[in-house]
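> The structure follows.
The values are calculated or read from the model by the stated rules, or taken from the named source; none is laboratory data. All of these numbers come straight from a predicted model, not from anything done at the bench. Cβ atoms come from the backbone with ideal geometry, glycine included; neighbour counts cover every protein chain shown. Quick note on the areas: whole protein, heavy atoms, side chains included, nothing else; ligands and nucleic acids left out. Shrake-Rupley method; radii C 1.70, N 1.55, O 1.52, S 1.80 Å.
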Amino acid sequence: MENTRPWLKLYPEEIPHSLEYGEKPIQQYLTETAEKFPDHYAIHFMGKEITFKEVYESSLKLANYLLEIGIKKGDRVAIMLPNTPQSVISYFGILYAGGIVVQTNPLYTERELSYQMKDSGAKAIITLDILFPRVSKVMNETNLEHIIVTAIKDYLPFPKNLIYPFIQKKQYGFSVKVEHQGNHHLFTEIMKRGVIRPIEYEVNIDEDLALLQYTGGTTGFPKGVMLTHKNLVSNVKMSDAWLYKTSKGEEVVLGILPFFHVYGMTAVMLLSLINGNKMVLLPKFDPETTLKTIQKTKVTLFPGAPTIYVGLLNHPDLTKYDLSSVKACISGSAPLPVEVQEQFERVTGGKLVEGYGLTESSPVTHANFLWDRPRKKGSIGVPWPDTDAAIVSLETGEHLPPNEIGELVVKGPQVMKGYWNRPDDTEQTLKDGWLYTGDLGYMDKEGYFYIVDRKKDMIIAGGYNIYPREVEEVLYEHPAVAEAVVAGVPDPYRGETVKAYIVLKEGTNVTESEMDEFVRKHLAAYKVPRIYEFRKELPKTAVGKILRRVLVEEEKKKANEQEEKKEA
């Protein structure tokens, strides 16, 4: 497979074509940053600031405690937390102990959590007090031996730390009291009693896993993507090279993308910690809080997703806030509308460009240039240093010439080792070192890439990946459902939203609200269909396979007709 890499001619002289990655595991970079910038603030969290030295020492305390409770090299430890100081300390604490991080979405229901814990074989989980009841319920059906519990208030400044428990109780309707005993452990107690002692063990950065990051597919439940230390280090160093006009130890990075998502973890947490930059953490996206935070903390780097930028631009008081500190934003997770890009740049004076990646590639493979080079509307940009990309024929697998549509394949040091315990899936996705993305696109003559459609049926709503089959399996559990299919339909805010098409069993009657209530018991809120359509029948092939594609085309046609009516 030959590739001429025309995009390399476009690189500004500041971006090397190839980078040095060294032989250090990811946690070693925190050790070095703590030595270089001990008193620089690593984290700003709702008014409280924590230095690099404090993050490093807290991570070592947790690491030594994990060893005490029996965690060994290669054991999986889950983190089920929003963006908080504890999520950062936990990540590095697990790595210092020799464990493998399993990132878990705090929105997961018991069903989703149970599946991920069983599949990963995680021995311990670090979670919030308000999530403790949910985790406790699945403990007996998994390999989980220990639950480490923390609370938002643990890292809030005075007097917020005293007030927050009352707000939380009002918000959730309950409060949780956990004792530090048996297989239940309190994060605060670990920090009080913990030992700050470096732990030494051999790491093969090419082979040893740092992370199991779950992603899904149309053929079943989510798969654990095996990412090595080398995968993560290389993607962070590529990102650093792309942001060549930024200064180490001086940037302020907005941490609004969740760290349990691979893009937030790499582009915000790891990049900030390696470069000695301050992260401003927000546990959830709220437009007004975000605008206030940018103005107050003078955020300079703002990795995000299109829905976040849209949410800010649509805020009625947008013009009251000073966002001029923002220098650069790389948007990922979903296609970035051109008008959003241009409007956001006018408001901030900074640069906003679209990138592309997958969980399987740690995640970024392509991006538009931020500075000194033209960008192309609708393009995902060009491959990053040391990253090869090509468009291959769906029929023959051969490389296609410019402007011909085929499947995007990528190769580079950031590409995963494979899927956890799924050799067949790995073999289908990784061929001769190339990662088959399942996305259809083309490359122009200059080397800019474009995505035109997805081969897979995955839905991307508000930056979240949603896999139709997982939703369909829940719908089929309803006693009145005879047939069901789920598809992504156009949505002006979320990009796509989930729509369920349902055929009910004869003699049954279910309302939209009843169906919604049922599904919400089994799925995280972002996966729940926003629209339900009850039909007498669904389009099918001659052998009875439901044709999701026909339904998607219907929705596109409807959306186009509505657009034409508006313009008329």
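> Leaving out ligands and nucleic acids, note down the accessible area per residue over the stretch 260-364 with a 1.4 angstrom probe, in whole Å².
33 Å²
> Also: May I ask you to give the percent of accessible area on the stretch 37-171 that is carbon plus sulfur, with a probe radius of 1.4 Å?
54 percent
> Please work out how much accessible surface Phe285 shows to a 1.4 Å probe, ignoring ligands, DNA and RNA, in Å² rounded to 10.
Counting only protein heavy atoms, Phe285 exposes about 60 Å² to solvent.
> Restricting to DSSP H runs of at least four residues, report the calculated mean residue ellipticity at 222 nm for the chain, -39500 (n - 2.57) per run over all residues, nearest 500 deg cm²/dmol.
That calculation yields -9000 deg cm²/dmol at 222 nm.
> What ranking of Glu49, Glu561 comes out by heavy-atom accessible area, probe 1.4 Å, highest first?
From most accessible down to least: Glu561, Glu49.
> Right, here's the next one. Using a 1.4 Å probe, what is the accessible area per residue for the stretch 481-568, in Å²?
Per residue, the stretch 481-568 has an accessible area of 61 Å².
> For the chain, what's the relative contact order in percent, using C-alpha pairs closer than 8 Å and at least 6 residues apart?
About 13 percent, as a whole number.
> For a quick check of understanding: with a 1.4 angstrom probe and all protein chains in place, what accessible area in square angstrom does Ile125 have, to the nearest ten?
Counting only protein heavy atoms, Ile125 exposes about 0 Å² to solvent.
> Give the accessible surface of the stretch 10-99 per residue, rounded to a whole number of Å², with probe radius 1.4 Å and ligands, DNA and RNA excluded.
Result: 36 Å² of accessible area for each residue.
> For the full complex of protein chains and a 1.4 angstrom probe, list Trp384, Trp420 by accessible area with the highest value first.
I get Trp420, Trp384, largest accessible area first.
> Please work out whether the stretch 281-380 counts as rounded, prolate or oblate from its C-alpha gyration tensor, where a ≥ b ≥ c are the square roots of the eigenvalues and a/c under 1.5 means rounded, while otherwise a/b larger than b/c means prolate and anything else oblate?
It comes out prolate by the Cα gyration axes.
> Pairs of Cα atoms under 8 Å, at least six residues apart: use those to get the relative contact order of the stretch 191-312, whole percent.
That works out to 20 percent.
> Right, next: Quick one: what are the phi-derived ³J(HN,Hα) couplings along the stretch 172-183, Karplus 6.51/-1.76/1.60 with θ = phi - 60°, whole Hz, x for glycine and proline?
3J(HN,Hα) across the stretch 172-183, in whole Hz: 9, x, 7, 10, 10, 10, 10, 8, 7, 7, x, 9.
> Right, something else. Pull up all non-local amide H partners of Ile100: gap of 5 or more, or a different chain, and H-to-H distance under 5 Å with H placed in the peptide plane.
Gly74, Asp75, Arg76, Val77
> Using Cα centres only, tell me the gap between the stretch 552-568 and the stretch 100-156 in whole Å.
A separation of 43 Å, based on Cα centres.
> Next question, about the same structure. Based on the mean of other Cβ atoms within 10 Å per residue, sort peptides 146-153, 430-437, 160-167 so the most packed one is first.
146-153, 430-437, 160-167
> Another question, if that's okay. How much accessible area does Arg5 have with a 1.4 Å probe, in Å² rounded to the nearest 10?
100 Å²
> Which of the three applies to the chain, rounded, prolate or oblate, going by the alpha-carbon gyration tensor with a ≥ b ≥ c and a/c under 1.5 meaning rounded?
rounded
> Turning to a different aspect of this structure: Give me the percent of the accessible area of the stretch 370-503 that comes from carbon and sulfur atoms, probe 1.4 Å, all protein chains in place.
Result for the stretch 370-503: 48 percent of the exposed heavy-atom area is carbon or sulfur.
> For the stretch 224-360, which whole percent of the accessible surface, found with a 1.4 angstrom probe, sits on carbon and sulfur atoms?
Using a 1.4 Å probe with all protein chains present, the stretch 224-360 comes out at 50 percent carbon and sulfur.
> Sequence gap of 8 or more, or different chains, plus Cα separation below 26 Å: how many lysine pairs satisfy both in the stretch 391-505?
Pairs that pass both the separation and distance tests number 13.
> While we're on this one: Go through Glu110, Glu360 and list them by solvent-accessible area, largest first, probe radius 1.4 Å.
In descending accessible area the options line up as Glu110, Glu360.
> Check which residues have an amide H placed less than 5 Å from Gly357's amide H, if you skip close sequence neighbours.
Distant-sequence amide H within range of Gly357: Ser333, Thr365.
> Using per-residue counts of other Cβ atoms within 10 Å, averaged over each peptide, order 256-263, 87-94, 324-331 from highest down.
87-94, 256-263, 324-331
> Next up: By the gyration tensor of its Cα atoms, with a ≥ b ≥ c the square roots of the eigenvalues, what is the shape of the stretch 224-299: rounded for a/c under 1.5, prolate for a/b over b/c, or oblate?
oblate
> Out of residues 5 or more away from Lys278 or on other chains, whose amide H comes under 5 Å of its own, with H placed 1.01 Å from N in the peptide plane?
Glu251, Val253
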